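I have placed the structure first, in the form of structure tokens, so that the comments after it can refer back to it.
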Amino acid sequence: MGRYSGYIVAFVILLVIMTFFISFLKRKKYLELIKLLEIKKFDEFHLEVKKLYTKILFPPFNLDYMELNAFILENNSKEIQKSFDSFDKKNLNKKQKEIVFMMAFNYYINLEEYNKAKKYIDLINNLDNVQMKKEANRIYDIYALKGYKYLDEMLDEISMMDDTYKGVNEFLISLMYKNKNDIENSEKYRKLSEKHMKLLDRKISNNKEKEKKKTI
């Protein structure tokens, strides 16, 4: 019994070492891939993603998603469309669906391709994520339908928010007033949005400085 216990202990130790080593390799490779994107070496990035070694380290979805992000950074509309079409054919789990559907929705909203955005707002509305559905439906109404049905709701929301976090909602409120042809209030909330976004930028910058000091 003692000998078998020793084998079990040795196996567990080996397993822990292998898990740590694999995690180290994954993190190292991930940082390498991110660095290639940061310095815009896209061709090299795509070659690295397709290597067997990389495919062993990362699940297929992670690699496909990283490639999609690379295509977006490259502004390669043909490959972006192919990536979204490819995801449509895959058996994604709930979290993966949330990530892909929201990315596609925002991408097509930004391009003002509202017919394609409609496909993804419908898919988002079939998911369980209540907050995601709320945000996506607001965006679709404001941008695609040129509506303002969420105006009162969002005005109530910002009345209870700290000024630092009002900027995004105020920008959307400005757009809704514009859709309503209320130019005076649209301009008012646009200026408030700019003011409060600066507060948020300052807070984020200060937090980054604090984190840097902690690591020194």
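The values are calculated or read from the model by the stated rules, or taken from the named source; none is laboratory data. On a predicted model such as this, the values are computed, not experimentally measured, just so you know. Counting neighbours? That spans all protein chains shown, and the Cβs are built from the backbone with ideal geometry, glycine included. Accessible surface areas use protein heavy atoms only, side chains included; no ligands, DNA or RNA. Shrake-Rupley method; radii C 1.70, N 1.55, O 1.52, S 1.80 Å.
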Descending principal axes extents, the chain, alpha-carbon based, whole Å: 81, 44, 40
Exceeding the 26 Å Cα-Cα cut-off - candidates Lys35/Lys198; Lys55/Lys94; Lys41/Lys133: Lys35/Lys198; Lys41/Lys133
Accessible surface, per residue, of the chain when the full set of protein chains is kept, probe 1.4 Å, Å²: 68
Under the Karplus curve 6.51 cos²θ - 1.76 cosθ + 1.60, θ = phi - 60°, whole-Hz ³J(HN,Hα) for region 122-136, x wherever Gly or Pro sits: 5, 5, 4, 5, 8, 8, 8, 6, 5, 5, 5, 4, 4, 5, 5
Residues Lys146 and Tyr30, FRET efficiency given R0 of 30 Å [Cβ-Cβ distance, rounded to 0.05]: 0.15
Met132 accessible area, 1.4 Å probe, all protein chains in place, Å² to nearest 10: 30
Accessible surface of the chain [probe 1.4 Å, protein heavy atoms]: carbon and sulfur percent: 58
Of the trypsin sites (Lys or Arg not before Pro) in region 42-142, those whose Cβ has at most 14 other Cβ within 10 Å and which sit in DSSP loop: Lys51, Lys89, Lys90
Net length gained if the chain between Glu187 and Asp156 were fully extended (0.36 nm per residue, minus Cα distance): 9.3 nm
Phi-based couplings in Hz for region 30-47 (Karplus 6.51, -1.76, 1.60; Gly and Pro marked x): 4, 5, 5, 5, 5, 4, 4, 5, 5, 9, 6, 8, 5, 4, 5, 4, 5, 5
Segment Lys116-Ile204, extension gain: residue separation times 0.36 nm, minus the distance between their alpha carbons: 28.3 nm
Principal axis box of region 128-216, alpha-carbon based, largest edge first, Å: 52, 37, 23
